[in-house]
Amino acid sequence: MKIKYLGTAAAEGIPAMFCHCENCENARKAGGRNIRTRSQTLIDDTLNIDFSADAFMHELKYGLNYADIRYYLFTHIHEDHFYPMDFNYMYHGLGHVPEGHPGYDIYGSPDILPGFRSLEHAADTSDYVRIHTLIPYETASVGKYWVTPLRSLHGTPNPFSYVISDGEKTILYLHDTGILPEASLSWLMDCGMRFDFVSFDCTGGNRDRLDYTSHLCFGDVLKYKGLFMEKGLIDGDTVLVLNHFSHNSPDVNYDDRGVYEAFGFIMSYDGMELTV
Ligand SMILES: [Zn+2]
Ligand SMILES: [Zn+2]
Ligand SMILES: [Zn+2]
């Protein structure tokens, strides 16, 4: 599986709009991989995870055409992950595609439904844009992938983290979440899986602990790494990525990556592509 990170920041981006903090000033000055846009990830050029207001810019920057991506999966409905307004342009008459185009399949918790219902052009959907609601801990077939939503702990009604498998490789995508709810942790402890790739929420950067519950920091991630190793969910060959960085946290510029690499983690950057 090929995992490409299109955007790797928390809600404000880095450098954040309206901000003169040290992380943002460093990013403005150094540029390159220190510049982070809002969250979006693409699996095998086929399965898109989250779609923020930066998605248009990602389409331009990475030479994509969303008309060629059929599957759209959502973790939760915070605006840095969910900007359904641009999906108006999927519909016939605004987005032009060749005859026989398969349309689009969109997946998430029931939280995504009001966003899609509010679309001006949603009335002509019939079966061209298909919205599927997922049930926590029930595996669904999404194209050639098996996708299992796990409940996250985050500030929206039904946020999901995901286990995504193509039958050969399996990834665990922990975004956005704080310390996992008990039901998700027990599901993981009992699933009997080995993950080839884990993407960790690291919004809190290089802190030991956070004084809020809806995200993780590196201290939390290290504890999960220890637990997952002990339970056989990951091993020395598993690729461990830190992602979704906030300018309000320490060591979130790509130039700070050494502090994480020392512990065997890869720090994400916009455009990073990894294959497992
Ligand atoms: Zn986010
Ligand atoms: Zn800032
Ligand atoms: Zn969020």
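Can you pull out every residue in segment 55-76 that is closer than 24 Å to residue 165 by Cα, of a type in the set (A, V, I, L, M, F, W, C) and surrounded by fewer than 20 Cβ atoms within 10 Å (Cβ to Cβ)?
Hits for segment 55-76 are 64, 67, 69.
Can you name every residue in segment 145-200 that is touching a residue at least 40 places away in the same chain (Cβ under 8 Å), more than 20 Å from residue 46 (Cβ to Cβ) and β-branched (Val, Ile, Thr)?
156, 179, 198 - these are the residues of segment 145-200 that are touching a residue at least 40 places away in the same chain (Cβ under 8 Å), more than 20 Å from residue 46 (Cβ to Cβ) and β-branched (Val, Ile, Thr).
Can you give me the ranges of the helices (runs of 4 or more DSSP H) entirely in segment 166-276 with at least 3 residues that are within 30 Å of residue 55 (Cα to Cα)? Before you say what the answer is, go through the steps one by one.
Details: elements: 182-190, 218-230, 258-261.
Output list reads 218-230, 258-261.
What is the number of the single condition among (1) farther than 22 Å from residue 164 by Cα; (2) in contact (Cβ under 8 Å) with a residue 60 or more places away in the chain; (3) of a type outside the set (A, V, I, L, M) that residue 44 does not meet?
(1)
Looking at segment 18-54 only, could you name the residues that are buried (at least 23 other Cβ atoms within 10 Å of the Cβ) and either within 16 Å of ligand 2 (Cβ to nearest atom) or part of a helix (DSSP H, G or I) (or both)?
Correct list: 23, 27, 36, 38.
Pairs only if they're at least six apart or on different chains, beta carbon under 6 angstrom, first in segment 75-100 and free of Cβ contacts under 8 Å to residues at least 40 places away in the same chain, second charged (D, E, K, R) and part of a loop (DSSP other than H, G, I, E, B); list them, first residue then second.
88/120
Step by step: first the residues of segment 18-45, then only those that are among the charged types (D, E, K, R) and under 26 Å from residue 178 (Cβ atoms), then the one that is nearest to ligand 1 (Cβ to nearest atom). Which residue is that? Step through it out loud before you land on a result.
Filtering segment 18-45 down to residues among the charged types (D, E, K, R) leaves 22, 25, 28-29, 33, 36, 38, 44-45.
Filter once more, so that each one left must be under 26 Å from residue 178 (Cβ atoms): 22, 36, 38.
Values: 22: 21, 36: 12, 38: 7 Å.
The extreme case among them is 38.
Let's see how each residue does on (1) of a type outside the set (A, V, I, L, M, F, W, C); (2) within 16 Å of ligand 3 (Cβ to nearest atom):
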residue: 7; (1), (2): yes, yes
residue: 14; (1), (2): no, yes
residue: 20; (1), (2): yes, no
residue: 43; (1), (2): no, no
residue: 67; (1), (2): no, no
residue: 72; (1), (2): yes, no
residue: 76; (1), (2): yes, yes
residue: 93; (1), (2): yes, no
residue: 97; (1), (2): no, no
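Output the qualifying pairs, or none if there are none: Cβ atoms under 6 angstrom, residues six or more apart or on different chains, first residue in segment 129-144 and on the phi > 0 side of the Ramachandran plot, second residue surrounded by 13 or more Cβ atoms within 10 Å (Cβ to Cβ) and assigned to a strand (DSSP E or B).
Within 6 Å, the pairs are 143/71.
How many residues are in contact with a Pro (Cβ under 8 Å, 6 or more places away or on another chain) and modelled with pLDDT under 95 when one looks only at segment 182-234?
Total satisfying the criteria: 0.
Which one is surrounded by the most Cβ atoms within 10 Å (Cβ to Cβ) among residues in segment 1-17 that are away from ligand 1 (no atom under 16 Å from the Cβ) and in a strand (DSSP E or B)?
Narrowing segment 1-17 to residues away from ligand 1 (no atom under 16 Å from the Cβ): 1-4, 15.
Checking the rest, the ones that are also in a strand (DSSP E or B) come to 2-4.
Values: 2: 13, 3: 24, 4: 19.
Per the criteria, the residue is 3.
The values are calculated or read from the model by the stated rules, or taken from the named source; none is laboratory data. Remember, it's a predicted structure, so these values are computed and weren't measured experimentally. Note that each Cβ is placed from the backbone with ideal geometry, even for glycine, and that neighbours are counted across all protein chains shown.
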